[in-house]
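These notes concern the structure reproduced below.
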Amino acid sequence: MRTLSKLALSYRKQFSSSLSPFLPRKLLVPFNQLSDKKYKCLVKEGEPLMEGQLIAFPMKDDGMENSAINSPVPGIAGSIVKCRLPNGRMGQGLEISLSGTFSFLGKSVERRDWKSLGHDDLLKLLLAKGVINSFGGSTSLVSQISRCRNNGGAYLVVRLFDEDPSRSTDSFVGRMYTREIAEGASILASLMNAAGIVFLLPKNGATVVENELVSDFAVLNVVVDDSKYPCGLKENIIRTVRKHVRNTQSEYFADINVSSLFVDSVTVFSVWEAIILGKPVIESFVEVSGSCLRSSAIFRVKHGTSMADLAAQCGGFKSRPERVVVNGMLAGTMLDDFDVPVTKDVKSLTFIP
């Protein structure tokens with residue numbers, strides 16, 4: 001594959017903070033947020049909901065290592081309707097009308113000592129809190145942890161930048177929440193019985209992870225020129241790490257391969273929030289940009305919020321958009337429908353003419 005340098009960097013912005021958009025009065029929360037798994041709705045129409053409450057879980061015959069869907073807001077359960085998903089396919093979702101008191105938003109949450117919990121309890125928490133692995137898509141994190149633990153000798157590889165250089169969400173999370181990611185990586189490494197942890201740092205603004213929170217594991221920090229594409233895919237990462245090991249004349253980490261667990265900043269931060277704070281995955285960091293918008297920003301978006309609502313939060317359109325590109329200009333999905341709800345695997349929206 002040919003490597004392209006400094007591609008699409010004109011779209012990239014260095015955000016210093018994230019914003020919380022206004023909450024819509026009604027949200028549409030899709031069930032099909034993890035591949036094409038079948039989910040069973042656990043609530044009835046008209047039932048009051050709490051923020052973070054379980055509203056859907058994988059059907060038994062579709063595997064129990066798939067993450068739950070939680071209500072992003074307190075409200076009233078509405079109808080189950082068909083909806084378009086960010087990947088362009090059709091699925092089902094639950095309409096929720098905003099109402100009631102929040103359980104997490106604006107509240108102080110007591111930290112949990114994760115080392116007091118057993119292995120199975122931690123895995124159940126990840127499932128119940130709806131944590132997925134968003135590295136290269138949306139997959140079952142718990143299934144991957146179990147596979148690595150059973151095989152033995154696997155490394156945990158944490159990518160702190162975006163594989164698509166037109167996007168900056170993972171880079172933002174990695175830069176702003178380095179300590180939380182270090183602790184989240186320690187949790188994941190313990191669960192999979194990792195042989196070590198590799199942190200892949202962006203060339204510009206890299207923060208080396210040297211923290212007591214990962215002191216139980218061998219740690220390797222590798223700086224990557226993230227202006228090149230591709231550089232963040234598994235095969236690229238393996239070559240980069242092996243080259244780094246050869247140059248530093250170190251034998252440890254030399255046997256890294258595709259059997260390792262590859263995760264990104266967003267995934268590890270979700271693990272930290274789920275285990276340490278007990279907070280379910282009910283919102284995502286989403287970069288909203290594009291030449292059609294009056295402004296751009298990174299939002300912490302409640303799942304079920306429509307893409308059109310986020311465009312309005314940026315001041316609306318200064319010129320008519322024809323498409324919205326989900327998750328990056330190079331590897332993303334193009335949609336012509338702006339009423340599509342945000343789900344767990346959405347990291348960026350780019351509105352284009």
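The values are calculated or read from the model by the stated rules, or taken from the named source; none is laboratory data. As the structure is a computational prediction, the values presented were derived from the model and not from experiment. Ideal geometry is used to build each Cβ from the backbone, glycine not excepted, and the neighbour counts take in all protein chains shown. These accessible areas exclude ligands, DNA and RNA; they are computed on the full protein's heavy atoms, side chains included. Shrake-Rupley method; radii C 1.70, N 1.55, O 1.52, S 1.80 Å.
I'd like to check one number: the per residue accessible area of region 141-197, probe 1.4 Å, reported in Å² as a whole number.
24
Residue by residue through region 307-314, which ³J(HN,Hα) values in whole Hz follow from phi under the Karplus form 6.51 cos²θ - 1.76 cosθ + 1.60 (θ = phi - 60°), with glycine and proline marked x?
Taking θ as phi minus 60°, the curve returns 5, 5, 5, 5, 4, 5, 5, 8 Hz for region 307-314.
Using the Karplus curve 6.51 cos²θ - 1.76 cosθ + 1.60 with θ = phi - 60°, work out ³J(HN,Hα) for each residue of region 15-28 in order, rounded to whole Hz, and write x for Gly and Pro.
Whole-Hz 3J(HN,Hα) from phi for region 15-28: 7, 9, 7, 10, 10, 9, x, 4, 7, x, 6, 9, 10, 10.
Considering Cα pairs under 8 angstrom that are at least six residues apart, work out the relative contact order of region 203-353 and quote it in whole percent.
The normalised contact order for region 203-353 reaches 18 percent.
With a point put 7 Å past each Cα toward its Cβ, work out how far ARG112 is from GLU210 in nm, to one decimal.
3.3
Of PHE317, ALA185, ASN32, which is farthest on the positive side of the dipole of the chain, counting Cα position, with +1 on Lys and Arg Cβ, -1 on Asp and Glu Cβ, and the Cα centre as origin?
Ranked along the dipole, the leading option is PHE317.
Which percent, to the nearest 5, of DSSP beta bridges fully inside the chain are antiparallel?
70
Quick one: how many lysine pairs in region 197-353 have C-alpha atoms under 29 angstrom apart, if they're 8 or more apart or on different chains?
19
Find me the longest stretch of the chain that has none of the exposed GluC sites (Glu not before Pro), where exposed means in a DSSP loop (not H, G, I, E or B) with at most 12 other Cβ atoms within 10 Å.
That would be 111-209.
Tell me, what % of the accessible area of the chain is carbon and sulfur with a 1.4 angstrom probe?
Percent of accessible area from carbon and sulfur atoms in the chain: 48.
Modelling each spin label as a point 7 Å along the Cα-to-Cβ direction, I'd like the THR248/ILE80 distance in nm, to one decimal.
Output for this residue pair reads 5.0 nm.
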